[in-house]
1. Do we find that E370 is free of Cβ contacts under 8 Å to residues at least 40 places away in the same chain, acidic (D, E), within 16 Å of the ligand (Cβ to nearest atom) and over 23 Å from V433 (Cβ atoms) in this structure?
2. Wholly within the stretch 413-489, which helices (runs of 4 or more DSSP H) include no fewer than the required count, namely at least 3 residues that are within 22 Å of G218 (Cα to Cα), in contact (Cβ under 8 Å) with a residue 24 or more places away in the chain and not small (G, A, S)?
3. Considering every residue within the stretch 480-502, establish whether at least one is within 16 Å of the ligand (Cβ to nearest atom) and modelled with pLDDT of 95 or more.
4. Would it be correct to say that G179 is within 16 Å of the ligand (Cβ to nearest atom) and buried (at least 22 other Cβ atoms within 10 Å of the Cβ)?
5. Among (1) of a type outside the set (D, E, K, R); (2) over 23 Å from L305 (Cβ atoms); (3) at pLDDT 95 or above, which single condition is T380 missing?
6. Select from the stretch 324-336 the residues that are small (G, A, S) and within 16 Å of the ligand (Cβ to nearest atom) and list them in ascending order.
7. Looking for something outside any loop (DSSP other than H, G, I, E, B), of a type outside the set (S, T, Y) and away from the ligand (no atom under 16 Å from the Cβ) - is there at least one such residue anywhere in the stretch 337-346?
8. Of the residues P173, P149, which single one is over 15 Å from the mean Cα position of the chain (by Cα) and modelled with pLDDT of 95 or more?
Amino acid sequence: MIYKKQQQIFVALLMVSIIIIQVSCTKRNPSDLSKESIIPKPVSITSTGNYFTLKPNTTIYVKGESSELFNIGHYLADRLRPATGFKLNVKTTFNEPGNGSILITLSGVGGNSKEGSYELVVTKKQIRLSARTHEGLFYGVQTLRQLFPAAIEMTTPQEDKWRIATGTITDYPEYSYRGAMLDVARHFFSVDDVRHFIDFLVYYKMNMLHLHLSDDQGWRIEIKSWPNLTLQGGSTQVGGGKSGFYTQEQYSAIVDYAKECYITIVPEIDMPGHTNAALASYPELNCDSKARPLYTGTEVGFSTLCTSKEITYKFINDVVKEIAAITPGPWFHIGGDESHVTKVSDYIPFVEKVQDIVAVHGKQSIGWDEIALSSLRSNTIAQFWAKEENAKKAVNQGAKILMSPASKAYIDMQYDKSTKLGLHWAGYVEVDVAYNWDPASLVPGIGKEQIIGVEAPLWTETITNIDEIEYMVFPRLPGIAEIGWTPVASRNWDEYKVRLGKHGERFEAMEIDYYKSPLVTWATLKK
Ligand code: TNX
């Protein structure tokens, strides 16, 4: 009897230990760095077949005393702490730190001088991240995040082995402008929502956030010298109801947050069309001096500033001046799209004058591709979205192109005909369509030399909250980010879709509501 009981206990213990062994064996040790699912795909990876383990006593060292280096060290520690539960002290050093540490240093990048470049060397004993610039280090930190198990992105302590495969990654971006646009005019989004959006861009090494701050349905930034723009023009949105605007302090908070993440804010005031909110706020901006009613529909192309009035240019000057003063980046986006009720003969000189105003306030103009009808200043950028002939006109004037072809890069387009959110005037944009294109061979006659980069615009006629933003952004944004970062010769949909599928568990860890495209096999977190 007693013997039988002992036998049962023995069998039970044996089974429990088999289960434990099985569970721990499913947590594979990373050993091949070149097989990790990094997006965007790095330029070069060599693998040395071992792994580094992050431990409770791992210290993050930054070489030198600069506060910016410290910030990068703390940024990394802040990302790794919640899921590991480790302390992860950040310290400064002037020497080579000992075993088990992470070193972040501005020196020694093996001769690589490309802008934004970094090098990550992982050995069994140490992680060494080096770059010529802080920006490069920040990109290296994003790669590091993606090398840890996906559970690293969770906000509570997780049982996992925090191991990274050993080897060397050398990396730098193909294009200098890699961005997304958020339309905060059709629907308004809070400062917190915008911060959230910035976090998405950061994870995929994008560096520009274009904010569409005004349109027919709303004016979203406080202009102190024209207060009705927000009091009146910022009071509603598509579908009606209460909406909002950013005070200049709030806008500056967005700019500051973006700056900490090496992201430049590109503010857009769309003109002369898409201006109903302004025309409703100030009667004098209309040719007939009569204020327009507020607009909450989704038609485009019905409004225009009065291009022949002096007050219009005083207005634009005041607006550009106030926004430029709180925008550290070099760009000011002047819109210029779909001005269907502005005569072409009025539109052309209008865009020329506005570029001059922008230049007076120390910024470079970007405009939607229609601006190429006008003479462009030598440093103006045309954002290609619709008409190839406009893009060619811009290039013929020596201007550079920002690539946002609607049929590929518009992330407000529906994925397929069953998608509930979004529009489809430019077609359906499945994940493969958004990934499978090359900016430098899209428009005949426009090659890499003429292109500054890529941007994925998110128009928000149908998008009302952050969950809906996430659904349209993911999983297309990582693909656009890779187009901007990775040379075309290293990109291939069949290989990319496997890496993207692995990011399913990262989206899950970050609690991102993403579209589970049937074209991709999605990994999920094993719980
Ligand atoms: C076209 S793209 C627009 C926007 C709309 C968008 C919807 C562009 C420069 N203008 O006004 O929101 O389509 O997809």
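1. yes
2. Output list reads 466-473.
3. For the stretch 480-502, residues within 16 Å of the ligand (Cβ to nearest atom) and modelled with pLDDT of 95 or more: present.
4. So G179 fits the description; yes.
5. (2)
6. Once the filter is applied, which keeps residues that are small (G, A, S) and within 16 Å of the ligand (Cβ to nearest atom), the stretch 324-336 yields G335, G336.
7. There is at least one residue in the stretch 337-346 that is outside any loop (DSSP other than H, G, I, E, B), of a type outside the set (S, T, Y) and away from the ligand (no atom under 16 Å from the Cβ).
8. Within the list P173, P149, the selection yields P149.
The values are calculated or read from the model by the stated rules, or taken from the named source; none is laboratory data. Given the structure is predicted, the values throughout are model-derived calculations rather than measurements. Every residue, glycine among them, receives a Cβ derived from its backbone with ideal geometry; neighbour counts consider all protein chains shown.
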